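S.K.: This is the structure, below, for whatever I ask next.
The values are calculated or read from the model by the stated rules, or taken from the named source; none is laboratory data. Keep in mind that this is a model prediction, so the values were computed, not measured. Heads up, the Cβs are rebuilt from the backbone with ideal geometry, glycines too, and the neighbour counts pull from every protein chain shown. Protein only, heavy atoms only, side chains kept; ligands, DNA and RNA dropped before computing areas. Shrake-Rupley method; radii C 1.70, N 1.55, O 1.52, S 1.80 Å.
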Amino acid sequence: WRKHNGVTKGGVKGLHVAAEGQTVALLQGNVGEGPKHYIEVLKGTGLFDALSTRVLGRLLKRGKIITRRAGATIIKEGDIGETFYILLSGMAVARKGGTIVAEYEKGDFFGEMAIIAADRRRQATVVTETNVRLFAMSAELYHEYELPHLTATNFYELVSFFSDRVSPADRKSVV
């Protein structure tokens with residue numbers, strides 16, 4: 001405990017006493033994040049159902065964990081894509097021609113065109129709405145682990161598969 005301007009403050013890391021008239025929001029931060037948490041998020045996507053926890057741990061080490069602040073551009077419309085992303089925490093939006101076409105939260109993925117299309121041009125710009133943590137993997141790594149085979153023709157079947165796994169109340173727009 002310590003005093004600041006006559007106000008007793010607790011020793012809770014990351015929290016502070018709001019000044020008079022100030023509004024403070026408590027946001028979930030990095031509590032519980034780490035390899036075990038990330039593996040659970042990956043399992044929740046449905047893409048990794050055939051992989052054991054041990055194999056997912058190896059996959060996690062071979063890919064990249066990326067942290068970006070709110071407002072960062074992850075994918076830019078028109079660029080050539082080489083990476084597929086899964087959102088481990090935070091929120092992001094996809095815009096096509098400036099119009100929001102999708103919203104992403106923990107467990108959602110984007111950048112799949114880098115895996116399924118011969119023309120790997122990004123179809124939308126993805127920008128972080130909050131601070132985020134992402135799992136990034138190359139198409140090569142995706143295929144090495146024999147994850148669901150994505151092609152331009154079966155992509156819509158995959159979208160239907162994921163839509164069936166999500167309740168209508170939780171469903172977001174599909175790009």
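S.K.: In the stretch 124-164, how many are open to solvent by less than 20 Å² (accessible area, probe 1.4 Å), hydroxyl-bearing (Ser, Thr, Tyr) and at pLDDT 95 or above?
M.R.: Going through the stretch 124-164 one residue at a time, the tally reaches 1.
S.K.: Next up: Restricting attention to the stretch 132-141, does a residue exist that is without any contact (Cβ under 8 Å) to a residue 24 or more places away in the chain, among the hydroxyl-bearing types (Ser, Thr, Tyr) and not in a loop (DSSP other than H, G, I, E, B)?
M.R.: No.
S.K.: If you scan the stretch 88-99, which residues turn out to be open to solvent by 80 Å² or more (accessible area, probe 1.4 Å) and modelled with pLDDT of 95 or more?
M.R.: Correct list: 91 only.
S.K.: Find all pairs meeting these conditions: Cβ atoms under 7 angstrom apart; at least six residues apart or on different chains; first residue within the stretch 71-87 and at positive phi; second residue in a loop (DSSP other than H, G, I, E, B) and open to solvent by 40 Å² or more (accessible area, probe 1.4 Å).
M.R.: Correct list of pairs: empty, since none qualify.
S.K.: Considering only residues of the stretch 33-57 that are assigned to a helix (DSSP H, G or I) and in contact (Cβ under 8 Å) with a residue 24 or more places away in the chain, which is farthest from residue 134 (Cα to Cα)?
M.R.: Top of the filtered list is 55.
S.K.: Oh, and also: Restricting attention to the stretch 31-87, which residues are within 12 Å of the chain's Cα centre (by Cα), open to solvent by 40 Å² or more (accessible area, probe 1.4 Å) and closer than 20 Å to residue 140 by Cβ?
M.R.: Correct list: 65 only.
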